[in-house]
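This report refers to the structure that appears directly beneath it.
The values are calculated or read from the model by the stated rules, or taken from the named source; none is laboratory data. Source: prediction; values computed, not measured. Positions of Cβ are backbone-derived with ideal geometry, glycine not excepted, and every protein chain shown enters the neighbour counts. Accessible surface is based on the protein model in full, side chains and every heavy atom, while ligands, DNA and RNA are left aside. Shrake-Rupley method; radii C 1.70, N 1.55, O 1.52, S 1.80 Å.
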Amino acid sequence: MRSIAAVAITAFACGAVAAGAGTAHADTSGACLVINNRAADYFDSIYIEPVNVADVKWKAFPWQAVLIQLRGKPLTTPSGSFTVTVESDVPVHKAWSYQPDRNRSLGCNGSWVVTLTE
């Protein structure tokens, strides 16, 4: 069965369940998002909210940290928060940290870093 790590407990028609993992929130808008994959697995179905593009998903290669971009620009949040959902065949744990100086040279008001582990 494929497990889904998300923000709220939600049941889906396919029978998968989303496990609560938390939402990142900063008091400032314009924060960017970095996915830091510290797992040995490659994740190819990562969904990020808020994104105003239907059916967009991102990938995370093992042992890499990536600044999430959309149309060649860092993805920022107007509200200061992100929700990240990872579909995986193994349980995925997420730890959030806000780094106020990360990626400022790229126009980010700091960056949320979500670290994925198994």
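Brief remarks follow.
- The residues packed around C32, meaning those with a beta-carbon under 10 Å from its beta-carbon, carry a net charge of +3 if Lys and Arg are +1 and Asp and Glu are -1.
- Excluding ligands, DNA and RNA, the accessible surface per residue across segment 28-118 is 52 Å² with a 1.4 Å probe.
- Amide hydrogen neighbours beyond the local backbone of S45, cut-off 5 Å, H modeled: E87
- All lysines inside 20 Å of K94 as judged from Cα atoms, apart from same-chain residues fewer than 8 positions distant: K57, K59
- Counted charge near L67, where neighbours are those whose Cβ lies closer than 13 Å (Asp, Glu -1; Lys, Arg +1): +3
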